[in-house]
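Note sheet for the following structure.
The values are calculated or read from the model by the stated rules, or taken from the named source; none is laboratory data. Keep in mind that this is a model prediction, so the values were computed, not measured. Cβ placement follows ideal geometry from the backbone for every residue including glycine, while neighbour counts extend to all protein chains displayed. These area figures cover heavy atoms from the full protein model, side chains too; ligands, DNA and RNA do not enter into them. Shrake-Rupley method; radii C 1.70, N 1.55, O 1.52, S 1.80 Å.
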Amino acid sequence: MRRMTWFNATSLTLGFAFLYLPMVILVIYSFNESKLVTVWAGFSTKWYGELLRNEAFLDAAWVTVQVAVASSTIATVLGTMAAYVLVRAGRFHGRTLFSGMIYAPLVMPEVITGLSLLLLFIGIGLDRGILTIILAHTTFSMCYVSVVVSSRLVGFDRSLEEAALDLGCTPFESFRLVTLPIIAPAVISGWLLAFTLSLDDLVIASFTAGPSATTLPIKIFSAVRLGVSPEINALSTIMIAIVTVGVITASVISKRATLMQQRDEQAAARTA
């Protein structure tokens with residue numbers, strides 16, 4: 001085991017400070033009494049109360065949550081199906097084109113994706129709103145889910161599925177009862193990744209959102225252009241807290257699922 005040198009320790013400290021110190025400052029100033037975000041005037045929680053009375057931010061937050069939940073759920077279903085086909089179907093006619101279309105959004109600039117989707121929605125006469133944002137976010141987040149799930153399927157022991165088929169399960173029952181529980185941590189991770197990407201997206205949502213649907217990143221960006229207010233600091237602090245709780249919860253669930261899987265595999269090996 002290599003010892004931690006002073007250079008490595010200093011680099012690690014500076015790296016984490018660069019990443020997380022601005023967030024810490026933002027959280028501290030969300031409790032600032034003064035309306036000026038750069039002047040500390042004492043501890044206060046009044047800006048959280050002001051935020052809860054701001055209808056524009058609340059409406060944008062509700063739209064964002066709706067879009068994130070819907071798009072991440074659809075992207076998880078489609079991404080899991082795409083990963084299963086890529087890993088299990090072997091070589092088939094059009095596989096290269098199919099895999100290229102799945103992974104293209106990973107390297108495609110968001111501006112190009114947003115503009116192309118905007119032209120598509122205009123071409124088919126679909127009014128921009130919550131539906132168009134959901135479709136757009138599903139399009140670009142599905143590939144991330146596919147990558148996460150396919151990496152788990154590659155290392156999957158197919159003898160477990162074969163044993164289930166030998167015991168009388170149909171292919172669908174084998175997938176539902178054997179495969180899906182084993183890849184569940186990857187599916188959950190893919191859903192969380194898609195949810196985070198949707199929650200954070202600004203560029204694509206700017207192209208596909210309409211007057212009736214404004215997401216929270218668009219609302220924050222519009223407000224920041226006029227100056228940072230303490231309400232935005234309070235809103236950002238709440239979002240940081242929600243993401244932190246979500247990440248910790250997902251980590252605990254994934255760890256428990258992995259431990260249960262390992263125990264089940266060990267029990268099956270002892271029985272065999």
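Observations
- Checking every one of the trypsin sites (Lys or Arg not before Pro) in region 43-125 against DSSP loop status and a limit of 14 other Cβ atoms within 10 Å picks out ARG53, ARG91.
- Region 144-269: relative contact order as a whole-number percent, Cα under 8 Å and 6+ apart: 28 percent
- Across the accessible surface of the chain, with the other protein chains kept in place and a 1.4 Å probe, carbon and sulfur atoms take up 70 percent.
- The equivalent ellipsoid of region 219-272 has semi-axes of 47, 9, 4 Å, largest first, where each one is the square root of 5 times an eigenvalue of the Cα gyration tensor.
- Averaging the Cα positions of each part gives two centres, and for region 80-124 and region 197-258 these lie 25 Å apart.
- Cα-centre dipole for the chain with unit charges at Cβ (Lys and Arg positive, Asp and Glu negative), debye to 20: 560 debye
- For q = 0.16, 0.20, 0.22 Å⁻¹, Debye-computed log10 I/I(0) when each Cα of region 143-272 counts as one equal scatterer: -0.91, -1.19, -1.32
- Only helices enter this figure: runs of n ≥ 4 DSSP H residues, each worth -39500 (n - 2.57), summed and divided by the residues of the chain, yield -25500 deg cm²/dmol at 222 nm to the nearest 500.
- Residue ranking by accessible heavy-atom surface, 1.4 Å probe, largest first, among MET260, MET142 comes out as MET260, MET142.
- Solvent-accessible surface ranking, highest first, for GLU161, GLU55 at 1.4 angstrom: GLU55, GLU161
- For region 1-155, the gyration tensor built on C-alpha atoms gives an oblate shape. Its axis ratio a/c (a ≥ b ≥ c) is at least 1.5, and a/b is not larger than b/c.
- DSSP-loop chymotrypsin sites (Phe, Trp or Tyr not before Pro) across region 91-162, with at most 15 other Cβ within 10 angstrom: PHE92
- Rolling a 1.4 Å probe over the protein chains gives TYR20 an accessible area of about 120 Å².
- Relative contact order computed over region 57-178 (Cα-Cα under 8 Å; 6+ residues apart), in percent: 40 percent
- Remark on ASN32: its backbone amide H falls under 5 Å from those of SER44, a criterion applied only to residues 5 or more positions apart or on other chains, H modelled at 1.01 Å from N.
- Most mobile of LEU216, LEU165, LEU106 in a GNM of the chain (Cα contacts under 10 Å): LEU165
- Using a probe of 1.4 angstrom and keeping all protein chains present, the accessible surface of the chain works out to 61 square angstrom per residue.
- The trypsin sites (Lys or Arg not before Pro) of region 102-204 that DSSP puts in a loop, and whose beta carbon has at most 12 other beta carbons within 10 Å, are ARG158.
- q = 0.16 Å⁻¹, region 1-62: log10 I(q)/I(0) [Debye, one scatterer per Cα]: -0.70
- The alpha-carbon atoms of region 60-245 define a convex hull whose volume equals 142 cubic angstrom per residue.
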